[in-house]
1. Suppose we filter the range 7-40 for residues that are open to solvent by less than 60 Å² (accessible area, probe 1.4 Å) and over 15 Å from residue 65 (Cα atoms); how many remain?
2. Just one of 210, 127 is within 16 Å of ligand 2 (Cβ to nearest atom) and in contact with a Lys or Arg (Cβ under 7 Å, 6 or more places away or on another chain); which is it?
3. Would it be correct to say that residue 88 is more than 16 Å from ligand 2 (Cβ to nearest atom), farther than 30 Å from residue 191 by Cα and touching a Cys at 6+ places or on another chain (Cβ under 6 Å)?
4. When the residues of the range 264-280 are narrowed to those that are outside any helix (DSSP H, G or I) and at pLDDT 95 or above, which ends up surrounded by the most Cβ atoms within 10 Å (Cβ to Cβ)?
5. For the subset of the range 127-137 comprising residues that are within 16 Å of ligand 1 (Cβ to nearest atom) and either assigned to a loop (DSSP other than H, G, I, E, B) or of a type in the set (Asp, Glu) (or both), which member is least open to solvent (accessible area, probe 1.4 Å)?
6. If the requirement is being without any contact (Cβ under 8 Å) to a residue 40 or more places away in the chain and on the phi > 0 side of the Ramachandran plot, which of these qualifies: 352, 338?
7. What number of residues in the range 81-96 are in contact with a strand residue (DSSP E or B) (Cβ under 7 Å, 6 or more places away or on another chain) and either part of a loop (DSSP other than H, G, I, E, B) or assigned by TED's automatic domain parsing to the domain that holds residue 211 (or both)?
8. Report, by residue number, each residue of the range 345-374 that is loosely packed, with under 14 Cβ neighbours inside 10 Å and within 21 Å of residue 291 (Cα to Cα).
Amino acid sequence: MNLHEYQAKEILHQHGVFVPKGVLIEKEEEVKLTLEQLSSSRVVVKAQVHAGGRGKAGGVKLCEKAELEQTVANMLGSHLMTAQTGHTGKEVHKVWVEEAVNIAHEYYLSILLDRSAHCLSFMLSTAGGMDIEETAEHQPAQIVTVNIEPNAGLQAWHMRQMAFFLGLDKVHHRAFHVLIHQLYQTFIDTDADMLELNPLVLTQEGTFMALDAKVSIDDNALYRQKDIAVMADLAEENPIEVKAAAYGLNYISLDGDIGCMVNGAGLAMATMDMIHLKGSEPANFLDVGGGVSEETVAHGFRLLLEQAHLKAILVNIFGGIVRCDLISLGLIEALKTHHLHIPLVMRLVGTHEEEGRALIKQAGIPVLWANDLDEAASLAVATYGEKI
Ligand code: ADP
Ligand code: MG
């Protein structure tokens, strides 16, 4: 789960990390109150969207307090298109207004979960700020990676390694060690899988401050991170995935246009691979799982049928715990409210397969039947785009 910058900064602040003082604004009328709460003469207005690269796209504006009302009015409700939003962009519903900081130097710092190294990894660079992607590509030596073995935890020599790499003046070492401890603890305490400060700045007054903050929490840990789970901003999530999650479906949107419904994650992956192999791309990953109900299957079919860009649907059920007739009943239920306008290919084998096929035939649904996955994928790609 991704957090907004203002939420990440609140969590960091609770762990003792210095962040600029700021106020969240959702309506233009709130600007007047904000002015009283911030003491600096210049402020920074920052669009709160789940995407980086805002600065380059006009989503971060430095202004005098006198210009705040106008700057907020321009940004609220605007459509922000950054290198990370894709061409559709994101609408700005909230802005974070914070005190402008006197920057002496911008650093890059992130903590990641490196699954292949079985470690937490700190990545740091003196070339922080808005061009870190170019640095990573063209000057990788400017970035250092420090792996922390989680059972041993953070050690003093890790912090010295980081401080020396950044070439920090000795007078800043103590504050830097404290900061690294606080960030490590934040990462552990929140079950984060990513924490990024770009930039982490050293101010002209000699304080380390998180000027930008991106934090992502491991979804599997949200059950024990209840304070964080309520911070989810569903307006920032993919609306189909939000709907699917509400129905208890294991659904991930993808870029292609062949909709899939499969039982079992492995079989769903194989189905997606097979579609790709036959020359097309899947629109989604959908594992209906074993203990699924007829109603949930119906919700799954409706979700697929509501997506106007889909060109075919491939159902691949290898019935074990989930019965084939239950899948058919779900489809019949969905088609009471939704129209089937694209080819529907079904491979329906396993428990109660005869009953499953009979139900669909009785209902007169024009399904294209396949005996195995290879045939199903070929059929879906061959009939792709035909109108029913
Ligand atoms: P993004 O990474 O989405 O472009 P940032 O929050 O990193 O957004 O802001 C972009 C740049 O704006 C920063 O690298 C920094 O130079 C400047 N900036 C951001 N917040 C402040 C602030 N409070 N005071 C001064 N400069 C800021
Ligand atoms: Mg940034």
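1. 11
2. That would be 210, the only listed residue that is within 16 Å of ligand 2 (Cβ to nearest atom) and in contact with a Lys or Arg (Cβ under 7 Å, 6 or more places away or on another chain).
3. no
4. 280
5. 129
6. 352
7. 3
8. Hit for the range 345-374 is 354, nothing else.
The values are calculated or read from the model by the stated rules, or taken from the named source; none is laboratory data. Computed from a predicted structure; not experimentally measured. Virtual Cβ from ideal backbone geometry, glycine too; neighbours counted across all protein chains shown. Surface areas here come from the heavy atoms of the whole protein model, side chains and all, with no ligands, DNA or RNA. Shrake-Rupley method; radii C 1.70, N 1.55, O 1.52, S 1.80 Å.
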